Structure formats: structure tokens, C-alpha cells
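Input: a single structure, listed below in C-alpha cells.
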Amino acid sequence: MIDEPICSKLSVDSVCGVLSNGCRRSVLYHLDASSSDVFTRDELADHLVAADTEYEDRERALVQLHHTTLPMLEDVGVIEYDSRSNVIRYRSDPLLDQFLSLSAAVEKPTE
């Protein structure tokens, strides 16, 4: 249980919306677990294919990231995405971190 208020730029609704999709959760797990805050779209596509998500094909993962996943994460304010250079910068948020930790504990209890 959290005893202190969480100061966040995100709303609970936006966090729940972002986490309501398995592809977005997988991307966020990867971004959150990394020591870096800068990634490429190619790197994230490789992660989706390797993470046993619905994406077995790298090209399909790249299209999904470019047209759906990354724009939504950017709209919410979790990432900055430069579609020309395909560079993503992760912007962690305390509220998202709490929800992401809870989600990971439920989805990946043995890791």
C-alpha cells in the first residue's frame, strides 16, 4: 500500500489506457527495465519479437510501433518519438511506475 501521495503528470485514466494493451505493456516493461532512456524503433521491434508477443514478424512489429504504439505513448507523455530518426526517449513517471510494477507482478510473477 502506498502511504504518501504520488505526484504525477499523468492521470489514472491515461495510465490505465496505456496499460490496457499487451504490446504497449511489453514496450513499457522493456523501457522501464533498461538503464538507458534512449532507444531505437528497431530495438523495440526486436524486443517485441523476442518477448513472445503476438509479433513473430519484425516488419509487422515495426509497423505497429510506428503507427500505433509509439504515437499513443507519445500522446500520453511517456515517450518522445522522433519518427525521422526512429529514436525514442523514455520519460518515466511515478504513477506509471507504480501501475507498471503491479502489472508486471501479476503478468510475470516468477521473474
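Here, each number is a calculation from the coordinates, and none is a lab measurement. The model shown is predicted, which means the values in this text are computed figures rather than measured ones. A quick note on method: Cβ atoms are made from the backbone with ideal geometry, for glycine too, and the neighbour counts reach across all protein chains shown.
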Amide H contacts under 5 Å for Asp37, restricted to residues at least 5 apart in sequence or on another chain and with H modeled in the peptide plane, are none
Placing +1 on each Lys and Arg Cβ and -1 on each Asp and Glu Cβ in the chain, then taking the dipole about the Cα centre, the residue among Val15, Leu65, Val27 whose Cα reaches farthest towards the positive end is Leu65
Among Leu95, Leu73, Leu65, the residue with the largest mean-square fluctuation in a Gaussian network model of the chain built from Cα contacts under 10 Å is Leu95
Glu59 and Asp42 label points (each 7 Å along its Cα→Cβ direction) are spaced in nm at 1.7
Taking Cα pairs closer than 8 Å and at least 6 residues apart, the relative contact order of the stretch 19-97 in percent is 30
With a ≥ b ≥ c from the Cα gyration tensor eigenvalues, square-rooted, and the rule rounded for a/c under 1.5, otherwise prolate when a/b > b/c and oblate otherwise, the stretch 5-101 is prolate
Relative to the chain, whose Cα atoms define the longest principal axis, helix 41-50 and its Cα axis are tilted in degrees, nearest 10, by 80
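Would you mind working out the magnitude of the charge dipole of the chain relative to its Cα centre, with +1 at each Lys and Arg C-beta and -1 at each Asp and Glu C-beta, to the nearest 20 Debye? Present the calculation step by step, with values, prior to reporting the outcome.
Numbers: 10 positive and 21 negative charges, 41 e Å.
With Lys and Arg at +1 and Asp and Glu at -1, about 200 debye.
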